[in-house]
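Heads up: the structure comes next, in structure tokens.
The values are calculated or read from the model by the stated rules, or taken from the named source; none is laboratory data. Computed from a predicted model, the values in this text were never measured in an experiment. Quick reminder, even Gly has a Cβ in these numbers, built from the backbone with ideal geometry, and neighbours come from all protein chains shown. SASA here: full protein model, heavy atoms, side chains in, ligands and nucleic acids out. Shrake-Rupley method; radii C 1.70, N 1.55, O 1.52, S 1.80 Å.
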Amino acid sequence: MKLGHIVLALALLPMSWTQDKMPIEEATLTYAPNVPPAIKRDHPARVQVKMTTIEKVSRLADGVEYTFWTFGGAVPGPMIRVREGDIIDFMLSNHPDSKVPHNIDLHAATGPGGGAAASLTAPGHTSKFSFKVINPGLYVYHCATAPVGMHVANGMYGLILVEPKFGLPPVDREFYIMQSEFYTVGRNGERGLQPLSMEKAIDERPDYVVFNGSVGALMGDNAIEAKTGEKIRMYLGNGGPNLISSFHVIGEIFDDVYGEGGTMISQKNVQTTLIPAGGSAMVTFRTEVPGNYVLVDHSITRAFNKGAVGILKVEGEPDLEVYSGKISNTVYHPEGGTIQSMPIGKTPEKVALSPAKVLEHGKEIYETSCQACHQAGGKGIPGVFPPLAKSDWLMADLNRSIRVVTNGLSGEIVVNGVKYNSVMPVLHLSDEDVAAVMSYVRQNFGNNAKDMVTVEQVVKAKSE
Amino acid sequence: MSYPMVFLMAATVLGATELLPVNGGVYIPFVQEMPSQTVESFLLQKHAVTNEDFLKFVKRSPRYMRSKVPALMADQNYLRDWVDDLTPPSGKEHHPVTNVSWYVANAYCRHLGLELPTTAQWELAAASKNYEKEILAWYSAPGVNEAPVQSTFATESGIWDLHGLIWEWVQDFDSEAPVQAEAFCGASAGGAVDVSNYTSFIRYGLRSSLKANYTVRNLGFRCAQNQ
Ligand SMILES: [Cu+2]
């Protein structure tokens, strides 16, 4: 009897939060890479979300501007965080200076158009609509005004997280990262205000693939930061409009992946996870070793040539058991430690190559080992890979430049007046190869060295 | 008495803008469900109604002054950049009047014995294969164009600024609206005749977002006359 009462009371409890008794609160919206605070409530609420659509010109890459259509003045738009069962009272305002109407389609809403029809808003007007978030998960929102392709291509998307009733496992740090691509009339790097190219959009040939709305949005001073031993959760979205992302963090393994932004851990120990266009994913991992970790779309020319790179900077004490760094570099002998001479024949004598041959060899090395990053002609990618063409940094100090190739380089440098703060990995080249490639780059690409770099110089610079 | 004569009388009184003939033709609506329309030749004002034109109108019809207009006929932003009821923004006498609602634009044209052009008439007058790129560029550029009338380009019929200056009201702006209800994700392309015609898409989108009492900073109008 008593038990029956308790069961009844429990059953009634969730129902006591009827719509008009629900507490009302205003959503905390954050701009990428920041994530709104976790929800502490254990009951649903009416959550007010206010957003304004703004059309504005801003930086897409160094020297390149674009007319973005935005939610809240930024690409991606603000991140929204609510709880399963909440009722969202959405107010969408379209700035009076807007040229065109906008609306919002929230993939977290259930019902025709996800709010799109209810929210179509003329410039200088505000639409209100409400919806209940029934399904937890990480959802994309985007503008769905005709022509949708244009509104999305111009930057109108963001993420809304609907926390499950019982919350998400606690983590030390959270980040909001959204990939998308831009189709400009001018080719990648062409300066000035670049209009949208409808042809390229329709052909799905973007010139820029970026994280958080512009080239370098997660590089240099904007790199995201963490400490060793922390648990990180990334909320990953893909605004598209067209490409699917193969999201990867160089040097990390995702411990848990919530595939496609659902609420279940769909896989553990993942190297690269897919983020569909108009979709999402959540990943968590623990930072073990300090250093810079590079975020990329592992469809790799997008990272190297179109801008889809970012940096997670992890600070703390190194853990040599997890990652030793380079301990030593010894010659590999298949037969074991001692050199066994072949019974027949002599060890070939080293033949001195002519400078022309060395330069030819240096060119080959450049093309196979350097060009992927520093680009043809050594022109680099502004903000990502510094130029070798007419590089003051390269020419200033030979020993230092040799060490870049033999030992790698990280941290801030200034090349021809532009700041770079990234990582060049150690390239495992022989001393002869290093001498050849250094000779080549110092005599080409507008650099005017006359002398050759010798193997002796390389050996000496390395050991300094 | 022919219509142009009526117009001449009204026009003399108000000093309104010249009407120019536009050839008829067939207009294929942007939305598939709607039948194509045959449009008779008609007359259309050479440029959009200016602040100066509009001032003459409110002087004669004080009920359309900013402080008098009923809320049902125009929202709070009606004539927002005017200094007061009878003072257009200085130096902008020849700029198109904007922030006017459909109700008031319609009343203005009626007052002259004219009408707002229909969507079909407007689209036919503005049809341009040659300027698609420039038009798209204007649609993409943010902000309000601060320029007087007759500052962009004229069609072969001599009609100015149909693209590149402001949006313009049409009589039946809400006739395509029902289809918009299905507009979500990519599906809004489902009912369109030509999905690559982005400029029509945008005008269609704008028209669907309006209500007759709305006023918008980029939205003005001009009048037409059926022959
Ligand atoms: Cu939009």
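Using a probe of 1.4 angstrom and keeping all protein chains present, the accessible surface of region A:173-315 works out to 38 square angstrom per residue.
Using a probe of 1.4 Å on the protein chains alone, the accessible area found for B:PHE57 is around 0 Å². Of the solvent-accessible surface of region A:379-427, computed with a 1.4 Å probe over protein heavy atoms with every protein chain present, carbon and sulfur atoms account for 58 percent.
A simple charge model with +1 on the Cβ of Lys and Arg, -1 on the Cβ of Asp and Glu and nothing else charged puts the dipole of region B:18-177 at about 540 debye relative to its Cα centre. Can you list the residues in region A:146-185 whose accessible area drops by at least 10 Å² when all protein chains are present, compared with the chain alone? Use a 1.4 Å probe, heavy atoms only. Listed in order, they are A:ALA146, A:PRO147, A:VAL148, A:GLY149, A:MET150.
Axis of helix A:2-12 versus longest Cα principal axis of chain A: the two differ by about 70°, to the nearest ten degrees.
For a straight C-alpha distance cut-off of 30 angstrom, the lysines reachable from A:LYS462 (same-chain residues fewer than eight places away being disregarded) are A:LYS313, A:LYS326, A:LYS350, A:LYS357, A:LYS363, A:LYS379, A:LYS390, A:LYS419, A:LYS450. Only protein heavy atoms count here; on that basis, with a 1.4 Å probe, A:MET264 has an accessible area of about 140 Å².
Work through the residues other than A:TRP393 whose Cβ is under 13 Å from its Cβ and net out their charges, Lys, Arg +1 and Asp, Glu -1.
+2
For region B:32-59, backbone nitrogen atoms closer than 16 Å to the point 7 Å from B:THR87 Cα along Cα-to-C-beta are found at B:52, B:55. Note on A:LEU388: accessible area is roughly 30 Å² with a 1.4 Å probe, heavy atoms of protein only.
For chain A, adding -39500 (n - 2.57) for each run of n ≥ 4 DSSP H residues and dividing by the number of residues yields -5000 deg cm²/dmol at 222 nm. The accessible-area loss of region A:74-109 on complex formation, taken against its chain alone with a 1.4 Å probe, reaches 30 Å² or more at A:PRO96, A:ASP97, A:LYS99, A:VAL100, A:PRO101. Other residues lying with their Cβ under 10 Å from the Cβ of A:GLN194 contribute a combined charge of -1, Lys and Arg counting +1, Asp and Glu -1. Reducing region A:102-180 and region A:389-449 to their Cα centroids gives an inter-centroid distance of 46 Å.
Helix A:398-407 and the longest principal axis of the Cα set of chain A meet at an angle near 60°. Partners of A:LYS268 within straight-line reach, counting lysines whose Cα lies under 20 Å from its Cα and excluding those fewer than 8 residues away in the same chain: A:LYS231. Per-residue packing, averaged as other Cβ atoms within 10 Å, sorts the ranges A:58-68, B:115-125, A:450-460 into the order B:115-125, A:58-68, A:450-460, beginning with the highest. Pairs of lysines in region A:16-163 whose Cα atoms sit within less than 28 Å of one another amount to 13, provided the residues are eight or more positions apart or on different chains. Between chain A and chain B, the total buried accessible area stands at approximately 2600 Å², from heavy atoms with a 1.4 Å probe.
What average count of beta carbons from other chains do you get within 10 Å of the Cβ of residues in A:116-128? Please list the in-between numbers first.
On the way: counts 8, 7, 1, 1, 9, 1, 14, 12, 11, 8, 0, 1, 0.
Across the residues of A:116-128, the mean count of other-chain Cβ atoms within 10 Å is 6.
Its alpha carbons give chain A an Rg and a Dmax of 27.2, 101 Å. Phi angles of region A:237-246 translate, via the Karplus equation with coefficients 6.51, -1.76, 1.60 and θ = phi - 60°, into HN-Hα couplings of x, 9, x, x, x, 10, 7, 9, 9, 9 Hz per residue; Gly and Pro are given as x. The mean number of partner chain beta-carbon atoms within 10 angstrom of a residue's beta-carbon across peptide B:211-220 is 4.
For region A:188-319, the Cβ-based charge dipole about the Cα centre amounts to some 180 debye (Lys, Arg positive; Asp, Glu negative; other atoms uncharged).
In a simple Cβ point-charge model (Lys, Arg +1; Asp, Glu -1; nothing else charged), region A:355-463 has a dipole of about 260 debye relative to its Cα centre.
The residues of region B:76-169 expose, per residue, 42 Å² of accessible area to a 1.4 Å probe. Computed from phi, the 3J(HN,Hα) profile of region B:159-169 under the Karplus parametrisation 6.51, -1.76, 1.60 (θ = phi - 60°) reads 8, 8, 6, 5, 10, x, 10, 9, 7, 10, 5 Hz, with x in place of Gly and Pro. Across peptide A:130-143, the average count of Cβ atoms from other chains found within 10 Å of a residue's Cβ is 0.
Summed over the residues of region A:16-163 and divided among them, the accessible surface reaches 32 Å² per residue at a probe radius of 1.4 Å. Across chain A, the mean sequence separation of Cα contacts (distance under 8 Å, 6 or more residues apart), normalised by length, yields a relative contact order of 10 percent.
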